[in-house]
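Trainee: Provided herewith is a single structure, encoded as structure tokens, for subsequent inquiry.
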Amino acid sequence: MPTETPRIRDLVLPLLETELPPIVQLGHPALRQPALPYDGQLTAGELSALITLMRRVMHAAPGVGLAAPQLGIPLQIAVLEDRFDADPDITDVRDRHPLPFFTAINPRYTPVGTETAEFFEGCLSFNGYQGVVARARSVSLHFTDSDGAAVRRDFQGWQARIVQHETDHLHGTVYVDKVLTRSLCSNAEYLRRWASPSIDEAQRILGF
């Protein structure tokens, strides 16, 4: 049994008694400390219940991904799912397509090729803001799934962005660490001015 198991279970078990625990916000230590690799700190039933809870919180937010540290749990576990209907222009420009639900345990990604893409993104733990981040357009993700199987999957476009964003959370990195700072804006200003499929106009006017 890993030595940190009692501490992890003390954090997880009370959360499992709540319907919608709060998502911790920037400044919470859990967002800045590398999470522990998952190594059986929870029983199979507890792990399944935690994954179900994380998915419920992600849907309620709503969001397309949630990492365990965003609930204050320092474990390398993330849930990902993008089922939002996108405008055809956004689908084309941002290469955004539905991402079926999956759980990534102990994930690590590597870029595939050198091509990058810059788009606005937000974070449930930095609520109310958006900013442009340059990310690899394609990545290869190695992870363990919720059944304990080792998996390697390739992602591209918006799906690759989600994978990178959530995996970064598990290593103490938040998107604002990578944001083009002059692009940072409130959600209200983003929706009012910059929600077009591309970032060209925002780039020209905001100067990033």
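The values are calculated or read from the model by the stated rules, or taken from the named source; none is laboratory data. Because the structure is predicted, anything quoted here is derived from the model rather than measured. Positions of Cβ are generated from backbone atoms using ideal geometry, with glycine treated the same way; all protein chains shown enter the neighbour counts. Just so you know, the surface numbers come from the protein's heavy atoms only, side chains and all, with ligands and any DNA or RNA stripped out. Shrake-Rupley method; radii C 1.70, N 1.55, O 1.52, S 1.80 Å.
Trainee: Which numbered condition in (1) in contact (Cβ under 8 Å) with a residue 60 or more places away in the chain; (2) open to solvent by 40 Å² or more (accessible area, probe 1.4 Å) is the only one that residue 194 fails?
Mentor: (2)
Trainee: With 67, 134 as the choices, which residue is among the hydrophobic types (A, V, I, L, M, F, W, C) and under 29 Å from residue 8 (Cα atoms)?
Mentor: Testing whether each residue is among the hydrophobic types (A, V, I, L, M, F, W, C) and under 29 Å from residue 8 (Cα atoms) leaves just 67.
Trainee: Something else about it: Considering only residues of segment 164-179 that are in contact (Cβ under 8 Å) with a residue 40 or more places away in the chain and surrounded by fewer than 20 Cβ atoms within 10 Å (Cβ to Cβ), which is farthest from residue 66 (Cα to Cα)?
Mentor: 178
So that you can scan it fast, the table gives a plain yes or no per residue for (1) open to solvent by less than 60 Å² (accessible area, probe 1.4 Å); (2) in contact (Cβ under 8 Å) with a residue 40 or more places away in the chain; (3) in contact with a Lys or Arg (Cβ under 7 Å, 6 or more places away or on another chain):
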| site | (1), (2), (3) |
| --- | --- |
| 115 | no, no, yes |
| 128 | yes, yes, no |
| 133 | yes, yes, yes |
| 140 | yes, no, yes |
| 181 | no, yes, no |
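Trainee: Quickly run through segment 80-98 and pick out the residues that are surrounded by fewer than 19 Cβ atoms within 10 Å (Cβ to Cβ), farther than 24 Å from residue 172 by Cα and in contact (Cβ under 8 Å) with a residue 40 or more places away in the chain.
Mentor: 87, 89, 90, 92, 93, 95, 97
Trainee: Moving on. For segment 184-207, name all the residues that are assigned to a loop (DSSP other than H, G, I, E, B) and not small (Gly, Ala, Ser).
Mentor: Scanning segment 184-207 gives 184, 197, 199.
Trainee: Starting from residues that are modelled with pLDDT under 95 and polar (S, T, N, Q), keep the ones in segment 1-54 and report whichever is most open to solvent (accessible area, probe 1.4 Å).
Mentor: 3
Trainee: Looking for whichever is farther than 29 Å from residue 208 by Cα, crowded, with 16+ Cβ neighbours inside 10 Å and in contact with a strand residue (DSSP E or B) (Cβ under 9 Å, 6 or more places away or on another chain) here; the options are 160, 104. Which one fits?
Mentor: 104
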